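Reading through the structure tokens given below for one structure.
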Amino acid sequence: MGRYKIGDRVTVRDATTLFHTRTQGYARGSTGTVVDTRPEWIVPEDEAFGILENGRHEPFYVVRFNQKELWPDYTGFDVDTLESEFSESWLMPAGKERK
Amino acid sequence: MSTTHGHAPIQESGQLSEFEVLELAVRELAIEKGLFSAEDHRRFSEWAESRGPHGGSKLVAKAWVDPAFKERLLTNGTEACKEVGLNWLEPTGQGTPSDYTFFYVLENTPKLHNVIVCTLCSCYPRPVLGMSPDWYRTPNYRRRMVRWPREVLAEFGLHLSPDVEVRVHDSNQKSRFMVMPMRPEGTEGWSEEQLAAIVTRDCMIGVALPRPDWTAQQVPSQATPSQAKGKGGRK
């Protein structure tokens, strides 16, 4: 079982961009809601370097952002959203850190 | 020089990228080591490049006419694909590289429009849609679809009402997505085959909506009246 459940508010960590992370620059520091969970997978940081058998496995989460939270100058409408997936270590409970 | 040739000399267009050079080098090594043969490689490439969007069209058309199948498709996309003869593990037993087997179908509703993009590279549900269109892989589409989705959709000719939620799916990990558009009016009583013809690639990426008078092969201006009503075949 992962740390987060559907409905939780989470913030994407703004961690180091060294090597391969698959966590987009635009999502870092942004807050959204967990809308779905994914099976445990090997994290991209290990998979990218072929550390397959002993690589770190983590639960992954689908996070939905309001576009207006993601882009302060968003030109669409309030209803618009964006979803993407993050491994558990890239997320933290919302409110722990400001963007 | 009286017989001037009517155009400038033909040049090799562009140089190989670093990644292409790397792929060639690794491929040659793998062939030398006997991991696979040059023919295996050629056949796999041919197989991969001959996938089209028809599998996706079949999935959507079947879901439109069969609510139980639609439920299965939305619950477990990879399994439901097998019902129309699509196995995500083909042709290697592990799936094609980078496609994996986590397939999710995104259902459009009157209040929700889905669209897919991969900002990091070009992740695309190849087993059901084939190779992605060139524009899908361009930095321009990838960068702008997440930030200005309504503007980009408008450039494709798709204008959505302000009360319709535009939901962009940035396919950044192992999941692969496909959009299931709403069945358009004017298709009542159509067969699955007729319906599949109007579910084009772009409708399943989410940059277009299906129309009863428009298939990938035929635009409305060329359609005969009977075909526009969906009655005739393509004879």
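The values are calculated or read from the model by the stated rules, or taken from the named source; none is laboratory data. None of the values given here were measured: they were computed from a predicted structure. With ideal geometry, Cβ positions are generated from the backbone for all residues, glycine too; neighbour counts draw on all protein chains shown. Areas reflect the complete protein model, heavy atoms only, side chains present, ligands, DNA and RNA absent. Shrake-Rupley method; radii C 1.70, N 1.55, O 1.52, S 1.80 Å.
Here are a few things to note about the model shown:
- Förster radius 35 Å - calculated FRET efficiency between B:Glu188 and A:Ser89 (Cβ-Cβ, nearest 0.05): 0.10
- Carbon + sulfur, % of accessible area of the stretch B:54-219 - ligands and nucleic acids excluded, 1.4 Å: 53 percent
- Note that the stretch B:105-122 has calculated 3J(HN,Hα) couplings of 9, 9, 8, 6, 9, x, 10, 9, 10, 9, 8, 10, 7, 10, 6, 7, 7, 8 Hz, one per residue in order, obtained from phi through the Karplus relation 6.51 cos²θ - 1.76 cosθ + 1.60 (θ = phi - 60°); glycine and proline are x.
- Taking amide H positions as modeled 1.01 Å from N, with prolines and chain starts lacking one, the residues under 5 Å from B:Leu112 and 5 or more places away or on another chain are B:Glu165.
- Take each residue of peptide A:79-90, count the partner chain Cβ atoms within 10 Å of its Cβ, and average: the result is 6.
- Extent of chain B along its three principal axes (Cα atoms, max minus min coordinate, largest first): 58, 56, 42 Å.
- Summary: within chain B, the longest segment free of GluC sites (Glu not before Pro) located in DSSP loops with at most 10 other C-beta atoms within 10 Å is B:13-184.
- Listed values for the stretch B:124-137 are Karplus-derived 3J(HN,Hα) couplings in whole Hz (6.51 cos²θ - 1.76 cosθ + 1.60, θ = phi - 60°), namely 7, x, 4, x, 9, 10, x, 6, 6, x, 3, 5, 5, 8, and x replaces Gly and Pro.
- Close amide H pairs (under 5 Å, H built 1.01 Å from N) link A:Leu91 with A:Arg13, residues at least 5 positions away or on another chain.
- Net dipole in debye of the stretch A:9-93 [+1 Lys, Arg Cβ; -1 Asp, Glu Cβ; about Cα centre; nearest 20]: 180 debye
- Each chain gives up part of its surface: A and B jointly bury about 2300 Å² of accessible area, both sides summed, for a 1.4 Å probe.
- Counting Cβ atoms of other protein chains within 10 Å of each residue's Cβ and taking the mean over peptide A:62-70 gives 2.
- Taken over the alpha carbons of the protein assembly as shown as equal point scatterers, the Debye sum produces base-10 log I(q)/I(0) values at 0.06, 0.08, 0.10, 0.16 Å⁻¹ of -0.26, -0.45, -0.69, -1.49.
- In chain B, helical runs assigned H by DSSP with n ≥ 4 each contribute -39500 (n - 2.57); averaged across all residues and rounded to the nearest 500, the mean residue ellipticity at 222 nm is -10500 deg cm²/dmol.
- Low-density loop positions, GluC sites (Glu not before Pro), the stretch A:1-57 - DSSP coil, at most 10 other Cβ in 10 Å: A:Glu53
- Accessible surface, the stretch B:1-143, averaged per residue in Å² (probe 1.4 Å): 63 Å²
- In this Cβ point-charge picture (+1 for Lys and Arg, -1 for Asp and Glu), the stretch B:54-219 has a dipole of about 580 debye about its Cα centre.
- Share of carbon and sulfur in the accessible area of chain A stands at 52%, probe radius 1.4 Å.
- Listed by chain and number, the aspartates and glutamates whose C-alpha is less than 12 Å from the C-alpha of A:Lys68, apart from same-chain residues fewer than 8 away, are A:Asp78, A:Asp80.
- Of the DSSP H helices in chain B, those with a Cα length along their own long axis of 20 Å or more and a mean Kyte-Doolittle hydropathy reaching 0.5 comprise B:18-32.
- Under 5 Å between amide hydrogens, built in the peptide plane, is the criterion, and for B:Thr187 it picks out nothing among residues at least 5 positions away or on other chains.
- Rel. contact order, % - alpha carbon contacts under 8 angstrom, at least six apart, the stretch A:9-93: 33 percent
- Within the stretch B:182-197, backbone nitrogen closer than 12 Å to the virtual label 7 Å beyond the Cα of B:Gln217 toward Cβ: B:194, B:197
- Backbone geometry of the stretch B:165-182 corresponds, through the Karplus equation with coefficients 6.51, -1.76 and 1.60 at θ = phi - 60°, to 3J(HN,Hα) couplings of 5, 8, 10, 8, 10, 8, 7, 9, 10, 9, 6, 10, 10, 9, 8, 9, x, 7 Hz, x marking Gly and Pro.
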